Amino acid sequence: MKVLANDGVSQSGIDALEKAGYEVSTTTVAQEQLINYINENNISVLLVRSATKVRKDLIDACPNLKIIGRGGVGMDNIDVEYAREKGLSVINTPAASSHSVAELVFGHLYGLARFLHNANREMPLEGDSNFKGLKKAYAKGTELKGKTLGVLGFGRIGQATAKVALGAGMKVVAFDPFMEEANLELEFFDGQKVNFEIKTISKEDVLKQADFLTLHVPAQKDYVIDEAEFNMMKDGVIIANAARGGVLNEVALVKAIESGKVARAALDVFEKEPKPEMQLLMNPALSLTPHTGAATNEAQDRIGAELATQIISILG
Ligand SMILES: NC(=O)c1ccc[n+]([C@@H]2O[C@H](COP(=O)([O-])OP(=O)(O)OC[C@H]3O[C@@H](n4cnc5c(N)ncnc54)[C@H](O)[C@@H]3O)[C@@H](O)[C@H]2O)c1
């Protein structure tokens, strides 16, 4: 059976599929030639990331297609319901990048706590002429150990982030309207395991208690963090948003930074992608990444391996 990984797939995925007798092509076929390619090459499984679109016309025109697989989470580029109605299996890998996002959040939080985002901007410019000045400017760093991390949204990534926090010696408080408690198992290099049971508390209590705050909610109609929520937070809180642009009001964030309510913040996602607001890009209180939360080699390996396992279990 033939698999076309049109947006690429990791070597771990290719190896697992080939071992099970599949033929894997990683050619990137242009969108308008995709239907022909699938039919002419008798492709049974089409794997995509976010670039390739799998719409009704393709699903109708490729009757031999059995599985559509999305490496990653969001399936906006696939007509999922329609494909399933037509008897296709549609699969994705929602858990594969949770830990990658969690680590990126901690990269930002540790960086912000010690002004690394500023020092990295200023050292190339002033490191030789104003070393002592910079040393003084960035002297009042804080530690994460012993502080409280507030987690909004306690699903896969929220829990993965909480585990990193617990490993770093933080207290974790969490809010999730659809979850009362979660059992987190921390695994250590020598096989030791420690279990933490975290009971969720109200959103207001999380906002009031958190020294550091991180968002892991899905996209939704209203802001999860807006002016009212900023007002409930501790003065000098540090915030990270690696969830989705639009869950945090960026204008209210800038205001909260100006008032001193928020000390510093990290953004991996933006209301306007791929052109974030200039007032965010130029803001010295912000640590910024271009939506790279899930982008690790390990996540790509897990995605490939997970897709292969699912394909083999569906098709044999
Ligand atoms: N930065 C990146 O590169 C990157 C990568 C992957 C996923 N994400 C995003 O991360 C977010 C979380 O992903 P996940 O895999 O953990 O999803 P998930 O579905 O496992 O967890 C989301 C949780 O949020 C909860 N929730 C919903 N509305 C809420 C609200 N208003 N307040 C508090 N909690 C609420 C849900 O009950 C759920 O438990 C998503 O928005 C996803 O798009 C970002």
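The values are calculated or read from the model by the stated rules, or taken from the named source; none is laboratory data. Keep in mind that what you see is a predicted model, and the values were worked out from it rather than measured. Glycine gets a Cβ as well: all are built from the backbone with ideal geometry, and neighbour counts include every protein chain shown. Ligands, DNA and RNA are excluded from the accessible area calculation, which covers all protein heavy atoms including side chains. Shrake-Rupley method; radii C 1.70, N 1.55, O 1.52, S 1.80 Å.
Of note:
- Residue count for the stretch 232-253 under the criterion of being more than 22 Å from Thr142 (Cβ to Cβ) and either assigned to a helix (DSSP H, G or I) or open to solvent by 70 Å² or more (accessible area, probe 1.4 Å) (or both): the result is 4.
- Search result, residues across the stretch 268-282 that are in contact with a helix residue (DSSP H, G or I) (Cβ under 9 Å, 6 or more places away or on another chain), assigned to a loop (DSSP other than H, G, I, E, B) and open to solvent by 40 Å² or more (accessible area, probe 1.4 Å): Glu271, Lys272, Glu277
- In the stretch 187-204, of all residues being within 13 Å of the ligand (Cβ to nearest atom) and either open to solvent by 90 Å² or more (accessible area, probe 1.4 Å) or in a helix (DSSP H, G or I) (or both), the one that is farthest from Leu152 (Cα to Cα) corresponds to Glu204.
- Within the stretch 218-233, the set of residues being of a type outside the set (Ser, Thr, Tyr) and in contact with a helix residue (DSSP H, G or I) (Cβ under 8 Å, 6 or more places away or on another chain) comprises Ile225, Asp226, Glu227, Glu229, Phe230, Met232, Met233.
- Ile68 vs. criteria open to solvent by less than 30 Å² (accessible area, probe 1.4 Å), of a type outside the set (Gly, Ala, Ser) and without any contact (Cβ under 8 Å) to a residue 24 or more places away in the chain: yes
- Restricting attention to the stretch 161-181 and to residues that are small (Gly, Ala, Ser) and either in a loop (DSSP other than H, G, I, E, B) or surrounded by 18 or more Cβ atoms within 10 Å (Cβ to Cβ) (or both), the residue that is farthest from the ligand (Cβ to nearest atom) turns out to be Gly169.
- Taken together, Gly158, Gly150, Gly74 contain a single residue that is closer than 23 Å to Ile198 by Cβ, open to solvent by less than 60 Å² (accessible area, probe 1.4 Å) and outside any helix (DSSP H, G or I), which is Gly150.
- Residue check, Gly8 out of contact with any Asp or Glu (no Cβ under 6 Å at 6 or more places or on another chain) and surrounded by fewer than 19 Cβ atoms within 10 Å (Cβ to Cβ): yes
- Qualifying residue in the stretch 115-133 (condition: acidic (Asp, Glu), in a loop (DSSP other than H, G, I, E, B), farther than 30 Å from Val217 by Cβ and open to solvent by 80 Å² or more (accessible area, probe 1.4 Å)): yes
- Residue match in the stretch 94-106 (condition: farther than 30 Å from Ile239 by Cβ, within 16 Å of the ligand (Cβ to nearest atom) and in contact with a helix residue (DSSP H, G or I) (Cβ under 8 Å, 6 or more places away or on another chain)): no
- Restricted to the stretch 136-147, and to residues there that are part of a loop (DSSP other than H, G, I, E, B) and small (Gly, Ala, Ser), the residue that is least open to solvent (accessible area, probe 1.4 Å) is Gly141.
- The residues listed here are Ala265, Ala285, Ala305, Ala299; of these, the one that is small (Gly, Ala, Ser) and open to solvent by 30 Å² or more (accessible area, probe 1.4 Å) is Ala305.
- Residues being within 12 Å of the ligand (Cβ to nearest atom) and in a helix (DSSP H, G or I) - total across the stretch 209-230: 1
- Test set (1) among the hydrophobic types (A, V, I, L, M, F, W, C); (2) out of contact with any helix residue (DSSP H, G or I) (no Cβ under 9 Å at 6 or more places or on another chain); (3) touching a residue at least 24 places away in the same chain (Cβ under 8 Å) - Ala139 fails condition number: (3)
- Pairs, first assigned to a helix (DSSP H, G or I) in the stretch 12-32, second of a type outside the set (Val, Ile, Thr) and open to solvent by 80 Å² or more (accessible area, probe 1.4 Å), C-beta under 7 Å, six or more apart: Gln31/Lys53
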